[in-house]
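Each remark here refers to the structure printed beneath this line.
The values are calculated or read from the model by the stated rules, or taken from the named source; none is laboratory data. Please read all numbers here as calculations on a predicted model, not as lab measurements. Glycine also receives a Cβ, built like all others from the backbone with ideal geometry; neighbour counts cover every protein chain displayed. Each accessible area value is taken on the protein alone, full model and side chains, heavy atoms only, with ligands, DNA and RNA left out. Shrake-Rupley method; radii C 1.70, N 1.55, O 1.52, S 1.80 Å.
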Amino acid sequence: MIIAMDGPSGSGKSTVAREVARRLGALHIDSGAIYRALTLAALERGLPLDDPARLAALAREVRLELEPTETGELRVRLDGCDVTDRIRSPEVTRAVSRLAAVAPVRAQVTERVRRIAAVARDAVADGRDTTTVIFPHADLKVYLEASAEERARRRARELARRGRPEPYEQVLRAIEERDRQDRERAVAPLRIAPDALVIDTTNMTIDEVVDTIVQAARERGATGGRRPVASAEPVEER
Ligand code: C5P
């Protein structure tokens with residue numbers, strides 16, 4: 001079974017996707033983490049974020065691994081180095097939507113996510129186009145939304161918890177700017193799939209959102225309880 005979840009930044013997608021995956025014994029695939037890791041690689045190599053050919057070559061060449069830990073968190077490895085924390089830096093967060101607007105980069109990421117899912121029995125993928133482009137035939141599609149103010153409050157709290165506090169107004173502006181870029185881009189813009197279950201999480205707890213999705217997944221035949229696959233085996237080129 002494939003569950004695909006999209007929504008704007010701060011809608012709670014990654015947290016909810018991780019918990020839904022844990023409850024169903026599925027593999028969590030955070031596609032945003034892949035875009036972030038590629039952005040970090042581009043920044044480190046000094047590649048311009050508007051050079052499609054060089055960015056596409058980078059997206060093809062780097063080795064990327066998403067490895068679930070005991071707690072269900074994903075460790076992200078870029079060419080063997082653990083970059084889990086570095087991909088959440090403000091520099092990467094500011095730059096990622098520019099790289100994510102580059103069509104050949106998106107094609108590479110789409111392929112990588114599909115390959116990871118192909119070797120998992122069940123997967124929960126989250127991002128901006130998992131319901132519309134990566135898995136248009138997902139067994140369950142979910143769109144999470146919340147007001148920009150609530151999303152900024154959540155992000156500000158998370159930054160403070162990680163010891164990198166930023167003023168609320170600044171966080172809100174950054175969220176609104178990323179929303180604009182993700183919704184207005186020409187390739188695979190963020191939008192609601194017609195058959196998605198839309199959940200407004202503004203006044204809901206994480207547990208309530210997770211329960212709603214797990215119940216919808218069970219109605220569609222998810223059994224749960226299987227162990228997640230630890231890492232993705234390479235599959236044949238098509
Ligand atoms: O989910 P997260 O905020 O980590 O995603 C970072 C960025 O990656 C998004 O703002 C978006 O520009 C891009 N992204 C995307 N398509 C996806 C996942 C993420 O364009 N499927």
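What the table below lists for this structure:
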quantity: Selection count, the stretch 6-20, where residues are more than 10 Å from the ligand (Cβ to nearest atom), at pLDDT 95 or above and buried (at least 23 other Cβ atoms within 10 Å of the Cβ); calculated: 2
quantity: Options Leu64, Leu24, Leu47; residue that is more than 15 Å from the ligand (Cβ to nearest atom) and surrounded by 19 or more Cβ atoms within 10 Å (Cβ to Cβ); calculated: Leu24
quantity: Subset of the stretch 84-127 (residues that are assigned to a loop (DSSP other than H, G, I, E, B), of a type in the set (A, V, I, L, M) and more than 8 Å from the ligand (Cβ to nearest atom)); calculated: Val102, Val119, Ala120
quantity: Condition met for Ala107 (touching a helix residue (DSSP H, G or I) at 6+ places or on another chain (Cβ under 9 Å), open to solvent by 20 Å² or more (accessible area, probe 1.4 Å) and small (Gly, Ala, Ser)); calculated: yes
quantity: All positions within the stretch 167-197 that are within 30 Å of Arg220 (Cβ to Cβ), within 14 Å of the ligand (Cβ to nearest atom) and either acidic (Asp, Glu) or over 19 Å from the mean Cα position of the chain (by Cα) (or both); calculated: Asp179, Asp182
quantity: Of residues in the stretch 70-83 being in contact (Cβ under 8 Å) with a residue 24 or more places away in the chain and β-branched (Val, Ile, Thr), the one nearest to the ligand (Cβ to nearest atom); calculated: Val76
quantity: Residue satisfying condition, being in contact (Cβ under 8 Å) with a residue 40 or more places away in the chain and out of contact with any Pro (no Cβ under 6 Å at 6 or more places or on another chain), within set Ala118, Ala56, Ala156; calculated: Ala118
quantity: Count of residues meeting criterion [open to solvent by less than 20 Å² (accessible area, probe 1.4 Å) and farther than 12 Å from Lys13 by Cα] in the stretch 124-134; calculated: 3
quantity: Any hit, the stretch 102-117, residues being on the phi > 0 side of the Ramachandran plot and not β-branched (Val, Ile, Thr); calculated: no
quantity: Enumeration of residues in the stretch 151-173 that are open to solvent by 80 Å² or more (accessible area, probe 1.4 Å), assigned to a loop (DSSP other than H, G, I, E, B) and among the charged types (D, E, K, R); calculated: Arg162, Arg164
